[in-house]
């Protein structure tokens, strides 16, 4: 018997009241179920999700990869679409997904999708932010997420294909949010480096940060994104620098 649930959309949230309605509304026309794993929202996010028909699970926060795998386990769909709360589907992407759900997938089990991401009100055309392809649509039987605390990815067995329609990613809306994310992600990244036993130093932190700026602004043509390209390159450099500094401080304290 064929699976009557064709598409499950999984979303992880925490205090996403400004984004979650747009996210869920963008997938409602094509999703058979929407599953939300929330890790402690206090701003009304959970209530909005339930009002829009999503199934909400309230959990602790184990990291991005483990949390998405939890959501994956609860999904009943043949196909899985994973979105972040600050993402939406473009009309073109919806049409492509409908075609796949109707059986026209040419034996592919996973799809990479370009993301159109904004930084402080500007959609970035360079800086490594476009097309920024990510695997977000895959057959449940063929894929899962890595257990990385941050920067998780889908691992799968089978054919990968590409879609043209994009995910619209309202990534960073203000400099304040950029700083908050940099601090949070550098802490998670530092924990990961510590788990892997990576040794670092202040000198390494400086050079890694400088390299991140050069890669974003020059190699990835962030210079063509204007002033916001420069600001983003600096933010990337700071994130890498503090990831290594936090790791070094933790290693120093553990050696005392």
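Some notes on this structure:
- Residues being touching a residue at least 24 places away in the same chain (Cβ under 8 Å), out of contact with any helix residue (DSSP H, G or I) (no Cβ under 6 Å at 6 or more places or on another chain) and under 18 Å from residue 8 (Cβ atoms) are entirely absent from segment 114-125.
Yes/no per residue for (1) within 28 Å of residue 94 (Cα to Cα); (2) free of Cβ contacts under 8 Å to residues at least 40 places away in the same chain; (3) outside any strand (DSSP E or B):
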| residue | (1), (2), (3) |
| --- | --- |
| 127 | yes, no, yes |
| 144 | yes, no, no |
| 148 | no, no, yes |
| 185 | no, no, yes |
| 208 | no, yes, yes |
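- Search result, residues across segment 27-65 that are part of a helix (DSSP H, G or I) and surrounded by 17 or more Cβ atoms within 10 Å (Cβ to Cβ): 27, 45, 46, 48, 49, 64, 65
Quick grid of which residues meet (1) crowded, with 16+ Cβ neighbours inside 10 Å; (2) assigned by TED's automatic domain parsing to the domain that holds residue 83:
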residue: 156; (1), (2): yes, yes
residue: 186; (1), (2): yes, no
residue: 201; (1), (2): no, no
residue: 224; (1), (2): no, no
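- Within segment 115-129, the presence of a residue that is at pLDDT below 95, out of contact with any strand residue (DSSP E or B) (no Cβ under 8 Å at 6 or more places or on another chain) and within 24 Å of residue 18 (Cα to Cα) is excluded.
- Residues satisfying the stated conditions in segment 187-206, i.e. in a helix (DSSP H, G or I), at pLDDT 95 or above and more than 21 Å from the chain's Cα centre (by Cα): 202, 203, 204, 205, 206
- Residue match in segment 1-12 (condition: assigned by TED's automatic domain parsing to the domain that holds residue 107, over 25 Å from residue 141 (Cβ atoms), at pLDDT 95 or above and crowded, with 21+ Cβ neighbours inside 10 Å): no
- Filtering 109, 134 for residues that are in the same structural domain as residue 62 (by TED's automatic domain parsing), out of contact with any helix residue (DSSP H, G or I) (no Cβ under 9 Å at 6 or more places or on another chain) and farther than 25 Å from residue 24 by Cβ leaves a single hit, 109.
The values are calculated or read from the model by the stated rules, or taken from the named source; none is laboratory data. Predicted, not measured: the structure shown is a model, and the values here were computed from it. For neighbour counting, all protein chains shown are included, and Cβ atoms are generated from backbone atoms with ideal geometry for every residue, glycine included.
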